[in-house]
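Values quoted throughout were computed directly from the atomic coordinates according to the rules given, and no laboratory measurement underlies them. Just so we're clear, the structure is a prediction, and the values are computed from it rather than from any experiment. FYI the Cβ positions are ideal-geometry reconstructions off the backbone, even for glycines, and counts take in every protein chain you see.
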Amino acid sequence: MLLPLLAALVAAYMIVATPLPLEWQALCAVGMVAAILLMRRVRSRPMLIAMMVLSLLASSRYLYWRITQTLPVGPQHDAWDLFLASGLLLAELYAYVILLFGFLQTAWPLGRKPVPLPADDRLWPVVDIFIPSYNEPLKVVRPTVLAALSLDWPRDKLRVHVLDDGRREDFRRFCEQVGVAHITRPDNKHAKAGNINAALKKTNGEFVAIFDCDHIPTRSFLQMTVGTMMADPTVSLVQTPHHFFSPDPFERNLNTFRKVPNEGELFYGLIQDGNDFWDASFFCGSCAVLRRTALEQIGGIATETVTEDAHTSLRMHARGWTSAYINIPQAAGLATESLSAHVGQRIRWARGMAQIFRVDNPFLMRGLKLGQRICYANAMMHFFYGLPRLIFLTSPLGYLLLGADIIAAQGWMVLAYAAPHVLLATVTNSAVQGKFRHSFWSEAYETVLALFILWPTLLAFINPKLGKFNVTAKGGIVDRDYFDKDIARPYYFLFLANVVGLAVGAVRLFTHAEHADTVMLNIGWTIYNLLIIGCALAVASEARQVRRSVRVRVQLPALVRIGADARTHEVTTLDVSDRGVAIKLPEGVRVAPGDPIRIILIPQRSDVWLRGTVRRVAHGVLALELDEMNMEQESALVNALYGRADAWLQWRDTRAVDRPLVALREVARFGVLGGYRFARWLAEEIVSRLSGRRSQSHPQAQSP
Amino acid sequence: MSGKPGGSYNDVGSLIDQLGLGAIGYREFGKPKPAAMPVADRPQPVTARAESSAAIRSFPAGRDEEETTARVRPAASGSPLAFTFERLRRQAIGSSVRAPTLTLALPERSAVSAEALGWGRRQRTWAEIFAELEAASRSRAVA
């Protein structure tokens, strides 16, 4: 066992450390790229692991060369060169560690299946459903409560509790009306974590299921999760994916909803599944079931950091508890509505993860297994991408604008070493995570957030006590098209700096470029950066939400009666929201906007008529707006729209799998679009300011 | 169109089929109340089948449609409109889009070898080959 390992290490060292002249290195690069493209054709888990190994060898070779041969030391370089070069090298080392840990994390997604519950439901445990809320409006919380009441579980063993930290009268009345517990506390200490801990003291169910107030569970949620915990008494937590039925700001502003996987898909679709292999799936704050005794053993939900969820499961893991991840969407909620809300949420996560890294470092904490240490560390270190991302976005400018020698090597040599490093990582990541994250989109997501999480993570890392819990706004709408200047402002400068760098580089190249290859390499890098920054600017162009309610495209059986016509028609829905439904118009039926209409969704399961008014009729499609509903009607709608056991199963299947070149083209297209929009906005701003100044200096004479 | 809402609708069955969870033993709690479609001006009384609140269901792959529609099929099979109900019941309205699965019972592919076909392979020496060629050339010359 030791001998083959030793031989493999020696071989790896030789691959990594053998210096080659340019021609041979170029051949080596071509060989590596050709190998990975061939390996990619074989779809098997061992081959994916082999690709990861080859990619890591290519990256290791690049970094070894960078460290040993390209640092600008010596009399011909100055301290400024070394400073900038060190920054870039550290950023590359960070990226390498994240790549390595990421490969380890996702090497073998477990794909765990739900475990059946005991045949005798009298043996099923009591489950407390917690729905914490602070300042969310009641209309956001109502569907979650109604869906929780419809969970398929013995009625005497299902207890639903709304944890109302806002202590609101309308919440109390609503809870009383539907028959759920309304739990309050006199203060708001420790925000959501404190809220849950207070409720733990007032309840006694063996298991606790927690849902964010806008995460609506399907009726099968408990039967898909609790069985795992009953079968294995060491399981402290079963987590399920956070699924969003509304587009996040990226998807809305770039119109990529259900075409390109959103930012969270990689984590919930692959990373948590990979974590499960290492027994490192962690609590995400919602859509999960926890074992009360495990929580009590660690003193309840952790309160020291703002990502109390991950911190809680870290502590449970350190105590020897295990966790499980069921990769089946069994609840769905609203994505963040605006880019600023999205950024605010990610700042909180980044701050919290930095706090945990500082307070309970997974490398140092006792009781964790090696795989758990790597998975948790990667989850936390991922949020330190702010500074490295900025370094990557500005490094070529150091050479083009400042003449700094950041990489002391010939341009073609850099390309010969860097190309296999970048290409193999891209192809391997595409093969590993192509269903959940398209190539080059990570750069876009990170670029949008980099500048905003940089300072909070740094601050939290230095002093974890600095930082407060910011509730993410849910339920608001973007009611007009606008350019979010506050979010985009930092990127103006980055974009303009790179434009200037590109211009200077072009001038240098076409005039007297001494090292034309190095200039071209930096120009290419700058163009790539401009496309990524342009994409970030495109995201900042907030698109108006046409409707107040989110429509879910779904085909459900329905019955309708239109106007005074007593006939009942069987139809199929096209989309449904909490305020309206679109259906295929039955043949031969005449209807006009304004006609009253009644509808039953899924008549095989429900006899509740919902009343509404026809709003539009065109091209064989009827759109109706629902009237005010009573509780029974609202419950029927919630169960039909959100509560179906298979409601969210196929959302992942409808997307195209990643093709790197296609993805690059898409990102580039958005980059050009974003750059154009920014340039147009900038021109308009300049013109309006200039004309504003002119009218101030030459005011028009007032008419008598 | 009038009659009872036809076809089966089974979100749990769909979940179990799609994920291959045949042995999950799913139970439903909370009785579904299927809608009654009134006929012309006269609403038809609905007599739902009584069943326990914790009916155990197991859903092996390829389950019988009779079982899935048991809940929504009216007990009044003697009604003069039973033929309409039967027709509607057979219409399956799925809430999920699934491509049809074809199972083609194709024979296993296997390589064909000369030995399998009974063709023996006879190794000939160079001498034999040349001898045959020579013999063949002589026979042509004669012709």
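The table that follows gives values for the structure above.
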quantity	calculated
Average beta carbon contacts from partner chains per residue of A:155-162, 10 Å cutoff	1
Contact order relative to length of chain A, as percent, for alpha carbon pairs under 8 angstrom and 6 or more apart	16
Distance histogram for chain A (every C-alpha pair counted, 20 angstrom bins, percent rounded to whole numbers)	16, 45, 30, 9, 0, 0
Mean separation of Cα contacts under 8 Å (6+ apart) over length of the range A:128-257, as relative contact order %	32
Between 0 and 90°, nearest 10: helix A:2-17 axis offset from chain A longest Cα axis	60
Mean separation of Cα contacts under 8 Å, 6 or more apart, over the residue count of the range A:341-423: relative contact order %	22
Kirkwood Rh (inverse of mean 1/r, distinct Cα pairs), the range A:128-248, angstrom	15.0
Pairs beyond 19 Å (Cα-Cα), from A:Lys369/A:Lys465; A:Lys139/A:Lys189; A:Lys369/A:Lys435; A:Lys157/A:Lys202	A:Lys369/A:Lys465; A:Lys139/A:Lys189; A:Lys369/A:Lys435
Relative packing of A:453-464, A:530-541, which averages over residues the other C-beta atoms within 10 Å, highest first	A:530-541, A:453-464
Cα gyration tensor, the range A:325-430 - rounded (a/c under 1.5), prolate or oblate	prolate
Dipole of chain A [Lys/Arg +1, Asp/Glu -1 at C-beta], most positive-end residue of A:His161, A:Tyr445, A:His569	A:His569
Residues A:Asp595, A:Asp360, sorted so that the one with the fewest Cβ neighbours within 10 Å comes first	A:Asp595, A:Asp360
Rounded tilt (10° steps) of A:516-539 against the dominant C-alpha axis of chain A	20
Neighbouring partner chain Cβ atoms per residue of A:313-324, average, 10 Å criterion	0
Ordering of A:392-399, A:361-368 by packing [mean C-beta count within 10 Å, highest first]	A:392-399, A:361-368
Degrees, to the nearest 10: A:191-202 long Cα axis against longest axis of chain A	40
Residue-span extension gain [A:Met520 to A:Glu304] - 0.36 nm each, minus C-alpha spacing	72.8 nm
Dipole-positive endmost among A:Val145, A:Leu664, A:His342 within chain A (Cβ charges, Cα centre)	A:Val145
Rh (Kirkwood; distinct C-alpha pairs) - the range A:220-311, Å	15.0
Peptides ranked, highest mean first, by Cβ atoms within 10 Å: ranges A:70-80, A:192-202, A:346-356	A:346-356, A:192-202, A:70-80
10 Å Cβ neighbours from other chains, averaged over peptide A:143-152	1
